[in-house]
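To start, the structure itself, in structure tokens.
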Amino acid sequence: MDKIVSLSKRRGFIFPGSEIYGGLANTYDYGPVGAELLRNIRNLWWDNFVHKKTDIVGIDASLISHQEVWKASGHATGFADALVDCKNCKLRMRADHLIEDSTKENSEGLNEEKLSEIIRDRRIACPNCGKFNWTEVRKFNLLFPVNLGIIEGDQSLAYLRGETAQGMFINFKNVVDSTRVKLPFGIAQLGKSFRNEITPGNSVFRTLEFEQGEIEYFFDPEVSDWQELFENWKKQMFAFVTETLGVSKDKLKWREHDDKERSFYSKRTVDLEYEFPFGFKELWGLAYRTDYDLKQHSKFSKQDLSITDPQSGKKIAPHVIEPAVGINRLLLTVLCDAYSEIEGRVVLKLSPKIAPYKAAVFPLLANKPELVEKAKKVYEDLRKNFPTYWDDRGNIGKRYLYQDEIGTPYCLTIDFQTLQDVTITVRDRDTAKQERISIDSVSEFIQNNLDA
Ligand code: ATP
């Protein structure tokens with residue numbers, strides 16, 4: 001993990017948040033290539049799950065929402081982490097993480113008493129100072145409250161959203177009334193969520209603010225078979241991670257939530273987990289949430305959130321299946337999965353679809369105007385279609401190494417032979433092999449590799 005964190009900083013993927021002021025825990029900023037990578041993942045998610053679907057529409061809801069939203073959803077009272085403090089060194093940890101790290105057993109969903117009991121019985125020591133001197137396990141709410149209004153004493157409480165999902169439920173009626181959707185259909189959203197989490201590092205795996213891609217897929221349980229829909233969503237999630245983002249299949253596994261861990265309203269929950277350098281962890285959750293959310297919002301808002309079947313006039317309370325992923329967690333996954341060291345070179349084997357730059361163009365020598373001019377022409381032509389990097393600094397070897405580290409699939413060099421036969425060298429990032437292709441076919445070459 002240290003190598004990935006160091007590469008992320010060195011090459012401009014991820015910087016620690018507020019760094020020049022000493023940093024702010026669990027916040028991160030994305031640098032020039034990180035921002036591109038994030039955007040590529042985000043765009044592919046939207047393209048795959050909204051644009052390419054005939055049964056899913058997208059929305060973009062507010063980050064700040066009415067406190068009633070979070071009372072209805074259960075977050076205002078129930079969205080809490082069970083934390084434990086080391087009285088000796090003041091380390092604060094999530095109790096389930098402490099137990100899992102030490103015993104490799106999953107204890108998510110257990111109550112505070114049970115968690116305290118496990119820590120006591122197993123005599124789990126503090127991972128920071130090695131002492132066994134814990135407080136009792138206590139719950140802390142994860143929602144960020146915000147005070148609206150500028151007059152002190154006259155402010156009203158709202159919350160930054162803790163998940164994007166509620167935006168889909170509270171706009172359910174608006175979407176049904178303003179579009180031509182018919183059950184089964186999904187509402188999708190991509191955007192920031194905020195959770196007051198404490199975490200033991202691991203880069204952007206768990207942060208205070210993060211981007212989620214969530215879909216609420218609504219259906220009539222009397223017409224659609226939920227198990228079939230569920231299996232279908234599992235396939236789609238797996239295909240997106242492996243085929244679209246290029247993550248290795250053998251680093252992924254499904255984990256079923258048991259009765260203790262699963263929320264009381266959920267009939268089935270599975271997590272797609274990735275094997276990070278710090279172990280298998282949740283990447284993408286899939287839950288059958290029944291009609292719980294819409295029912296809760298109907299109750300709290302006193303609005304009818306059912307659908308009337310146009311043919312039979314029957315009232316339907318739709319059920320919902322929810323695939324929920326963190327875009328930043330996907331970014332960390334692709335960074336971990338792509339990181340490799342080949343014969344002393346650090347190579348980020350990103351799929352060309354998500355690589356920040358699809359190609360880099362170099363003149364062999366920066367002090368030969370005829371090479372620079374020709375190379376600039378290739379560069380300008382390519383940039384019209386693909387994000388392309390220009391580099392004329394230092395020697396070719398150093399330029400290759402830089403591009404390998406930011407995951408650029410191809411480096412194109414304009415040399416003296418180019419001036420004679422209009423061919424250029426294409427160097428492949430993963431194999432370091434070089435071949436000559438005609439200048440006219442460069443765009444097609446890059447495009448074919450993007451489509452592959
Ligand atoms: P965890 O058990 O890891 O806390 P969760 O089960 O609470 O996650 P969900 O509420 O289901 O997570 O959120 C859906 C997805 O959002 C997760 O699978 C994860 O990819 C991402 N996610 C959740 N919390 C964070 C966070 N603090 N930072 C980054 N990504 C997050």
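Readers should treat all values here as calculations from the given coordinates under stated rules, not as data from a laboratory. Please read all numbers here as calculations on a predicted model, not as lab measurements. Heads up, the Cβs are rebuilt from the backbone with ideal geometry, glycines too, and the neighbour counts pull from every protein chain shown.
HN-Hα J couplings of the range 257-273 from phi, Karplus 6.51/-1.76/1.60, θ = phi - 60°, integer Hz, Gly and Pro as x?
Once rounded to whole Hz, the list reads 6, 8, 4, 5, 7, 5, 4, 4, 8, 8, 8, 7, 9, 10, 10, 8, 10.
Going by C-beta contacts inside 10 Å, put Leu419, Leu382, Leu44 in order with the fewest on the left.
Going from least to most buried by this count: Leu419, Leu44, Leu382.
Can you tell me which of 204-214, 29-39 comes out highest on packing, and rank the rest after it, using the mean Cβ neighbours within 10 Å?
204-214, 29-39
Evaluate E = 1/(1 + (r/R0)^6) for Ile150 and Lys71, where r is the Cβ-Cβ distance and R0 equals 30 Å; express this FRET efficiency to the nearest 0.05.
0.75
By how many degrees, between 0 and 90 and to the nearest 10, does the Cα long axis of helix 292-301 differ from the longest principal axis of the chain?
Taking Cα atoms only, the helix is inclined about 60 degrees.
With the cut-off at 25 Å, tell me which of the pairs Lys281/Lys398; Lys104/Lys353; Lys114/Lys234; Lys53/Lys353; Lys52/Lys358; Lys3/Lys235 have Cα atoms farther apart than that.
Lys281/Lys398; Lys104/Lys353; Lys114/Lys234; Lys3/Lys235
Calculate, axis by axis, the spread of Cα positions in the range 357-451 along the three principal axes, and write the results as whole Å, longest axis first.
Computed over the range 357-451, the largest-to-smallest principal extents equal 33, 27, 23 Å.
For a distance above 19 Å, tell me the whole-number percent of Cα pairs in the range 261-396 that qualify.
72 percent
List, in order, the whole-Hz ³J(HN,Hα) value for each residue of the range 233-245 obtained from phi through the Karplus relation with A = 6.51, B = -1.76, C = 1.60 and θ = phi - 60°; use x for Gly and Pro.
My calculation for the range 233-245 gives 5, 4, 4, 5, 5, 5, 5, 5, 5, 8, 7, 7, 8 Hz in order.
Taking a quarter of the surface of the Cα convex hull of the range 187-300, what do you get in nm²?
9.1 nm²
What residues from the range 327-366 fall in the zone where the backbone N is under 17 Å from a label point 7 Å along the Cα-to-C-beta line of Leu401?
Label zone hits: 340-348.
Only Lys, Arg, Asp and Glu count, each charged at its Cβ (+1, +1, -1, -1), so figure out the dipole size of the range 166-232 about its Cα centre, rounded to 20 debye.
Here the range 166-232 has a charge dipole of around 360 debye.
Once you sort the root eigenvalues of the Cα gyration tensor of the range 1-91 as a ≥ b ≥ c, which label holds: rounded (a/c under 1.5), prolate (a/b larger than b/c) or oblate (the other case)?
Verdict is oblate for the range 1-91.
Roughly what angle does helix 369-383 make with the longest principal axis of the chain, taking Cα atoms, 0 to 90 degrees, to the nearest 10?
30 degrees
State, in angstrom, two size descriptors of the range 80-141 derived from its alpha carbons: Rg to one decimal place and Dmax to the nearest whole number.
In Å, with Rg to one decimal and Dmax whole: 10.3, 28.
How would you rank 216-227, 50-61, 281-292, highest first, on the average number of other Cβ atoms within 10 Å across their residues?
Taking the mean over residues of other Cβ atoms within 10 Å, the ranking is 281-292, 216-227, 50-61.
Could you pull out every residue, at least 5 positions away or on a different chain, whose amide H is within less than 5 Å of the one on Thr290? Hs are placed 1.01 Å off N in the peptide plane, and Pro or chain starts have none.
The list, which skips near neighbours in sequence, is Lys267, Val320.
Below 8 Å, C-alpha to C-alpha, sequence gap of six or more: please give me the relative contact order for the chain in percent.
It rounds to 13 percent for the chain.
Tell me, what ³J(HN,Hα) does each residue in the range 75-81 have, in order and in whole Hz, if you take phi through Karplus 6.51 cos²θ - 1.76 cosθ + 1.60 with θ = phi - 60° and put x for Gly and Pro?
For the range 75-81, the Karplus curve yields 5, 4, 10, x, 8, 9, 9 Hz.
Check each of the GluC sites (Glu not before Pro) in the range 48-127 and keep only those in coil by DSSP with at most 12 other C-beta atoms within 10 angstrom; list them in order.
Here the GluC sites (Glu not before Pro) that fit, given the DSSP loop and packing criteria, are Glu105.
If the viscosity is 1.002 mPa s and the temperature 20 °C, what Stokes-Einstein diffusion coefficient in µm²/s follows for the chain when Rh is the Kirkwood radius over Cα pairs?
It comes out at roughly 86 µm²/s.
Could you give the dipole magnitude of the range 357-451 about its Cα centre, charging the beta-carbon of Lys and Arg +1 and that of Asp and Glu -1, in debye to the nearest 20?
In debye, rounded to 20, the range 357-451 gives about 260.
Enter the angle in degrees (range 0 to 90, nearest 10) between the Cα long axis of helix 112-121 and the first principal axis of the Cα atoms of the chain, meaning the one along which they spread out most.
Its long axis makes an angle of about 70 degrees.
Quick query: amide H of Asp392 versus all other amide H atoms, modeled in the peptide plane; which residues come in under 5 Å with a sequence gap of 5 or more or a different chain?
Amide H neighbours of Asp392: none.
Helix-derived [θ] at 222 nm for the chain: sum -39500 (n - 2.57) over DSSP H runs of at least 4, divide by residue count, nearest 500?
One gets -9500 deg cm²/dmol as the mean residue ellipticity at 222 nm.
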